[in-house]
Amino acid sequence: MAISDNRLLASLRDVSIETNGRALISHVGLDVHAGEIITLIGPNGAGKTTLLRALLGLQAVTSGTVHRARGLRVGYMPQRLQIDPIIPLSVQRFLTLSRRTSQQDVQRSLKEVGAAHVQEQSLHVISGGELQRVLLARALMCQPDLLILDEPAQGVDVVGQSDLYTLIGSIRDRYGCGVLMVSHDLHLVMEAADSVICLNQHVCCTGHPEAVSQHPEYLKLFGDAPLKGLAVYTHAHDHEHNLHGDVVPLAESEEKEQHEGHDHE
Amino acid sequence: MNDFLIRALLAGVAVALIAGPLGSFVVWRRLAYFGDTLAHSALLGVALGFLLGVSVNLAVIAVCLSIAILLVIFQQKQQLANDTLLGILAHAALSLGLVAMSFIEGVRVDLMAYLFGDILAITSHDLAWIYGGSVLALLILLALWRPLLSMTVHEELARVEGVPVTWVNIGLMLLIAIVVAVAMKIIGILLITALLIIPAATARRLAGGPEQMAVVAALLGCAAVGGGLMMSLRWDTPAGPSIVVVAAILFVVINLLPIFGRRSRT
């Protein structure tokens with residue numbers, strides 16, 4: 001990676017979060033540096049969104065510390081945007097909600113995410129993929145040091161997802177910002193991601209997907225890899241979790257017993 | 001035109017101008033029952049004002065704010081649904097107000113005037129209060145507009161972008177309390193919510209943006225006040241309810257006429 005500035009933007013140290021006596025996250029540590037893309041994966045209820053919210057300061061932690069660099073500008077893309085149609089809102093107005101911004105600036109940021117054509121349209125009529133791009137544009141409006149994206153590709157078809165991940169990679173390259181994102185599409189993570197964290201209330205394992213992309217399992221799944229920008233993060237645990245078996249090839253479960261924790265092929 | 005009619009019109013227009021934009025937020029944030037609860041508690045404020053010998057208007061604002069804070073505390077502690085909680089508070093406060101009213105001796109209080117408004121009995125003193133309150137409320141709303149709209153669209157996004165959500169929320173409650181106190185004499189405690197939500201809901205069909213909706217709601221409110229007063233004058237109907245009837249007729253007409261439907265998708 002050609003980014004020299006890789007200062008620490010935000011971190012979690014031994015963070016645990018409980019609500020009503022139920023542990024949502026236990027003893028999680030995480031560092032996000034500038035210019036780095038970290039992808040969080042894990043099953044439903046693994047605490048991925050809770051972790052993001054803790055890092056954003058939206059969720060109080062039960063124990064441990066949350067650190068954000070002083071003056072850190074954060075662009076946040078929430079998981080689901082359901083805006084009540086009772087509020088008449090165009091894309092242009094939506095992007096100027098947080099600060100006064102000229103029409104040209106809005107146009108520029110929409111162009112950057114490939115959604116310039118929806119600027120004058122109502123937020124309630126654009127497609128799911130367009131909405132995700134508009135949300136990304138809003139996250140970029142504050143020229144963030146850190147982008148926190150909660151399932152940026154949800155509701156987007158597979159080709160669109162590939163485009164969106166490529167776009168996120170190019171945004172990182174251009175601005176050198178750090179990116180922490182949640183991917184629900186288990187085992188489909190960005191090739192450009194620097195590391196993948198598998199979370200199931202605690203950090204199960206972390207790894208570098210680049211190495212994994214040469215893995216026979218990857219080639220077996222994608223063949224000639226028609227979807228550039230996507231890689232398969234194949235990994236195993238030294239303990240049991242049922243990770244939505246549908247994407248995991250059978251071969252992995254056969255190998256399961258032989259892996260030690262934090263060991264990836 | 002008679003003096004009392006001019007005063008009534010001026011007072012009604014002032015309230016409609018603030019009720020439109022504020023009512024838009026009530027509609028967007030689903031606060032109709034919340035507004036109703038605050039309005040119901042206003043009677044307790046009236047009674048306390050008389051009993052303690054302090055300004056009735058300020059007592060109303062104080063009671064409304066107390067009820068709002070009480071509601072927030074209950075919301076955080078109780079497992080009850082919001083509408084249940086609002087129902088309990090609204091009717092408890094209204095009943096408490098009616099009970100407290102019965103303790104007032106000496107001064108004859110016209111209960112009906114507080115419940116349904118008495119716009120034709122507005123004095124110059126009332127008018128000064130109504131304009132002071134409305135202008136103050138409009139200024140606060142203008143100052144809070146951007147953060148309030150931002151958190152209405154998406155609260156967490158607004159919080160991440162630096163909106164002090166708790167303070168803005170308190171500001172909104174204060175605004176509703178002021179408007180309840182201002183509108184009480186005009187439209188009455190039981191009908192204030194109607195003036196907040198009906199013009200705003202009607203404006204939705206005509207507006208392409210949030211600011212446009214607020215302005216259109218204010219204008220529709222003015223039209224309802226004018227129409228209601230005319231109706232009251234011509235057929236000797238009660239003024240407050242007549243204003244609400246006209247507002248409701250506008251709502252039905254504008255929603256039924258296909259000509260206005262073009263903008264409703266934006």
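The values are calculated or read from the model by the stated rules, or taken from the named source; none is laboratory data. Only a predicted model underlies this, so the values are computations on that prediction, with no experimental measurement involved. Quick reminder, even Gly has a Cβ in these numbers, built from the backbone with ideal geometry, and neighbours come from all protein chains shown. When the accessible area is computed, the model is the full protein with side chains, heavy atoms only, and any ligands, DNA or RNA have been set aside. Shrake-Rupley method; radii C 1.70, N 1.55, O 1.52, S 1.80 Å.
Give me the distance between the Cα centres of region A:5-20 and region A:69-93, rounded to whole Å.
23 Å
Roughly how much of A:ASP31 is accessible, in Å² to the nearest 10, using a 1.4 Å probe?
60 Å²
If you average the C-alpha positions of region B:134-169 and of region A:130-144 separately, how far apart do those two centres end up, in angstrom?
Computed from Cα coordinates, the inter-centre distance equals 21 Å.
Calculated from DSSP H runs of 4 or more alone, at -39500 (n - 2.57) each and per residue, what is the 222 nm mean residue ellipticity of chain B, nearest 500?
For chain B, the value works out to -27000 deg cm²/dmol.
I'd like the mean, over residues of B:155-167, of how many other protein chain beta carbons sit within 10 Å of each residue's own Cβ.
That average works out to 4.
Note down the nm distance, to one decimal, between modelled labels 7 Å out along Cα→Cβ at B:GLN212 and at B:MET112.
4.4 nm
Sort A:HIS202, B:HIS154 from largest to smallest accessible area, using a 1.4 Å probe on the heavy atoms of the protein chains.
A:HIS202, B:HIS154
Return the FRET efficiency for the residue pair B:VAL165, B:GLN79: r is the Cβ-Cβ distance, R0 is 41 Å, and the value is rounded to the nearest 0.05.
Result of the calculation: an efficiency of 0.95.
At 1.4 Å probe size, put B:TRP28, B:TRP145 in order of accessible surface, largest to smallest.
Sorted by accessible area, descending: B:TRP145, B:TRP28.
Just tell me, in residue order, which DSSP H segments of chain B are both 24 angstrom or longer along the helix axis (alpha-carbon based) and at least 0.5 in mean Kyte-Doolittle hydropathy.
Sorted by number, the helices that extend far enough and score high enough are B:3-28, B:32-52, B:56-77, B:82-101, B:124-153, B:165-187, B:210-235, B:239-256.
If you take the Cα Rg of region B:28-141 and divide it by 2.2 N^0.38 Å, with N the number of residues, what do you get?
Against the empirical 2.2 N^0.38 Å value, I get 1.15 for region B:28-141.
I'd like the mean, over residues of A:121-133, of how many other protein chain beta carbons sit within 10 Å of each residue's own Cβ.
Averaged over the peptide's residues, the number is 1.
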